[in-house]
Amino acid sequence: MCGIVGILSSEPAAAQVIEALKRLEYRGYDSSGVASLGEGGQIERLRAEGKLKNLAAKLSGHPLFGHSAIGHTRWATHGKPTEDNAHPHATERVAVVHNGIIENFRELRNELIAEGVVFKSETDTEVALHLVDRALQRSGDPIKAVQESLPKLRGAFALAFLFSGHQDLLIGARQGAPLAVGYGENEMYLGSDALALAPFTDMVSYLEEGDWVVLHRKGGVFHDRTNAVVQRTVQKSGAGAYLIDKGNHRHFMAKEIAEQPEVVGRTLAHYLDLGAGKVHLPVALPFDWKSLQRITITACGTASYAGQIAKYWFEALARIPVEVDVASEFRYREAPLEKNGLAIFISQSGETADTLAGLRYAKSQGQHILSVVNVTTSSIARESDVVIPTLAGPEIGVASTKAFTCQLTALACLAIAAASARGTLKAGEEEALVNDLIATPGLMVEALKLESHIEHVAHDMAKATDVLYLGRGTSYPLALEGALKLKEISYIHAEAYAAGELKHGPIALIDETLPVIVIAPHDAIYEKTVSNMQEVAARGGRIVLISDHQGMQGAGLEPAAKIEMPDMNPRFAAIAYSVPIQLLAYHTAVALGKDVDQPRNLAKSVTVE
Ligand code: M6R
């Protein structure tokens, strides 16, 4: 979950490292650090607790001039987020940055302590440092030292090593965590992703599982886990096309919410034949929708809620039973999966460790693997049989917004494609559904116009200590997403329930201090939700109703606040209704003065279990 970078530059590299780390801060921001080689080839290091800006401030006071450097931004796993635990870790011979977890670190640490090594941090990383350092003391050869040490490490990690006295050498290794190599003019780079390297190059290669790479300014030599020299394709990353700034917005999250009509439109254009009013998938599928008995959807967090919403669409439209599970459970529960079934994995980053492990399990069970991912160069994309990209562009805010609505958009297209192939749609229904999807970006624009009103509602919500979200049908997983969004950025305790479940327990929570967000487009089950709303009102709960004109008219009560959405066909309403849910969480967090883009304890890409 950390971000790592390495640069062999033709100029002072520490400033470039900071530039790259800015783009990796989404992976963690508990501490950061940089190491470079001084004029005499000695390792020089600067580290700082907290956000990258603290390191940048230190660096401006104590510039590092070396042209070879490694850097790190940390999401703490082993050891508190202190400066001592911040990377790079270093001896006088070698420095290392690390993303991931070295699972056998206790055992290795004990062995190294028995050999007389003194540890200076509580991290698992430091064992990798000392293994290489010890081997280096024996052979004097950095390449041999890394080669000898890597097989001793178990777990999922990416590493970058810098060696004193070796101005033209960086070594990277990958086992379970991503690592990209970037090619410049007489410069070479290592980074956790291509986005980090985009300020310098868009020509990249990716290390495959078990690979390690030796970089010099003139190029790199890749080795696989057997140490054989291998070729890895150099490709154009496309990451440079994206401007990573907030534009006129105060936060990335605000920008990403506002971008949704555009990116949802872009995703639709990718999967729809707009002229014919049909879904047109631009990839060949290695399975036949008609022969599927079941779909298994696996994901984490927000992406899992996208999966839960898609379940309603696949089941209702294509009549295929769908099972959805969070990846951390799916990967271990030994689910029996019928051979040749379809397993769908949803992930913004494409690097979520649990989702990737779930994918590998499904593959071992003979499933066709389809992934809905935002980062198409990611591990999940690369290990899938079919990739359905969500064209959201880079999402920087830790709270997922535009990636979620693009996931929903792509999944809606897939559900229509499945229904069409299985012959479960009535005449003209595909065109009608496609037209509903085409209307969605416009509806999102309308929803965004409600922002100042939602901000007002959020000011009131910011006074609450607990919030309850209710919904039925696809509004139920959307309620779960709303509660997650609020929790993660405002730190207000929030829960979501299927509205019909209220009477089975959570109704006991309701009193006049509890805001209850009811997501209820006027659909076939709207009346049922109204009954649940009445139950809340009867107990003094403060209802915030998110519905359309008809829904407001039919509520039969005066909610504490109303967020009136434009009219739309309820089938895919979850996509446009995501906007008020996100804005409510965003403005509540802003009202409370929270760090919206980098909430405490979280990281954007969760590459550990
Ligand atoms: O990159 P992924 O989509 O696989 O990430 C999954 C979750 O970690 C992610 O959705 C997380 O729940 C977000 N912080 C939610 O806003």
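Below are the figures for this structure:
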| item | result |
| --- | --- |
| Which numbered condition A537 fails, given (1) of a type in the set (A, V, I, L, M); (2) farther than 24 Å from W313 by Cβ; (3) crowded, with 22+ Cβ neighbours inside 10 Å | (3) |
| Qualifying residue in the stretch 222-241 (condition: within 16 Å of the ligand (Cβ to nearest atom) and either loosely packed, with under 15 Cβ neighbours inside 10 Å or part of a loop (DSSP other than H, G, I, E, B) (or both)) | no |
| Residue check for L443: more than 14 Å from the chain's Cα centre (by Cα) and in a helix (DSSP H, G or I) | yes |
| Condition broken by P199, with the remaining ones in (1) outside the structural domain of P142 (by TED's automatic domain parsing); (2) closer than 20 Å to V97 by Cβ satisfied | (1) |
| Criterion (within 13 Å of the ligand (Cβ to nearest atom), of a type in the set (G, A, S), touching a residue at least 12 places away in the same chain (Cβ under 8 Å) and touching a helix residue (DSSP H, G or I) at 6+ places or on another chain (Cβ under 7 Å)) met by exactly one of S349, S328 | S328 |
| Cβ-Cβ under 6 Å pairs, at least 6 apart or on other chains, the stretch 301-319 side more than 13 Å from L414 (Cβ to Cβ) and assigned by TED's automatic domain parsing to the domain that holds A410, far side aliphatic (A, V, I, L, M) and near the ligand (Cβ under 10 Å from one of its atoms) | A303/I346; S304/V326 |
| Elements of type helices (runs of 4 or more DSSP H) contained in the stretch 326-420, each with 2 or more residues being surrounded by 22 or more Cβ atoms within 10 Å (Cβ to Cβ), of a type in the set (A, V, I, L, M, F, W, C) and touching a Pro at 6+ places or on another chain (Cβ under 8 Å) | none |
| Residue satisfying all of: in the stretch 54-91; assigned to a loop (DSSP other than H, G, I, E, B) and of a type in the set (A, V, I, L, M, F, W, C); modelled with the lowest pLDDT among these | A76 |
| Qualifying residues in the stretch 90-108 (those that are out of contact with any Cys (no Cβ under 6 Å at 6 or more places or on another chain) and within 16 Å of L170 (Cβ to Cβ)) - the one surrounded by the most Cβ atoms within 10 Å (Cβ to Cβ) | V97 |
| Criterion violated by L470 - all others in (1) surrounded by fewer than 24 Cβ atoms within 10 Å (Cβ to Cβ); (2) closer than 18 Å to A574 by Cα satisfied | (1) |
| Boolean, E111 is among the acidic types (D, E) and either crowded, with 17+ Cβ neighbours inside 10 Å or assigned to a strand (DSSP E or B) (or both) | no |
| Looking only at the stretch 367-399, and only at residues there that are hydrophobic (A, V, I, L, M, F, W, C) and farther than 28 Å from D245 by Cα, the one that is farthest from the ligand (Cβ to nearest atom) | V386 |
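Yes/no per residue for (1) at pLDDT below 90; (2) in the same structural domain as C300 (by TED's automatic domain parsing); (3) surrounded by fewer than 22 Cβ atoms within 10 Å (Cβ to Cβ); (4) more than 22 Å from I492 (Cβ to Cβ):
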residue	(1), (2), (3), (4)
I510	no, no, yes, no
T513	no, no, yes, no
I525	no, no, yes, yes
G541	no, no, no, no
I546	no, no, no, no
G551	no, no, no, yes
A555	no, no, no, yes
N601	yes, no, yes, no
E609	yes, no, yes, yes
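Residue-by-condition table, conditions (1) without any contact (Cβ under 8 Å) to a residue 60 or more places away in the chain; (2) closer than 12 Å to A35 by Cβ; (3) not assigned by TED's automatic domain parsing to the domain that holds A35:
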| residue | (1), (2), (3) |
| --- | --- |
| W75 | no, no, no |
| E83 | yes, no, no |
| P88 | no, yes, no |
| E111 | yes, no, no |
| T123 | yes, no, no |
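Yes/no per residue for (1) assigned by TED's automatic domain parsing to the domain that holds E11; (2) out of contact with any helix residue (DSSP H, G or I) (no Cβ under 7 Å at 6 or more places or on another chain):
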{"position": "Q175", "(1), (2)": "yes, yes"}
{"position": "A180", "(1), (2)": "yes, no"}
{"position": "V213", "(1), (2)": "yes, yes"}
{"position": "K218", "(1), (2)": "yes, yes"}
{"position": "R225", "(1), (2)": "yes, yes"}
{"position": "Q231", "(1), (2)": "yes, yes"}
{"position": "G265", "(1), (2)": "no, no"}
{"position": "G277", "(1), (2)": "no, no"}
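The values are calculated or read from the model by the stated rules, or taken from the named source; none is laboratory data. Nothing here was measured: the structure is a model prediction, and the numbers come from that model. So basically every Cβ, Gly included, is an ideal-geometry build from the backbone, and we count neighbours across all protein chains shown.
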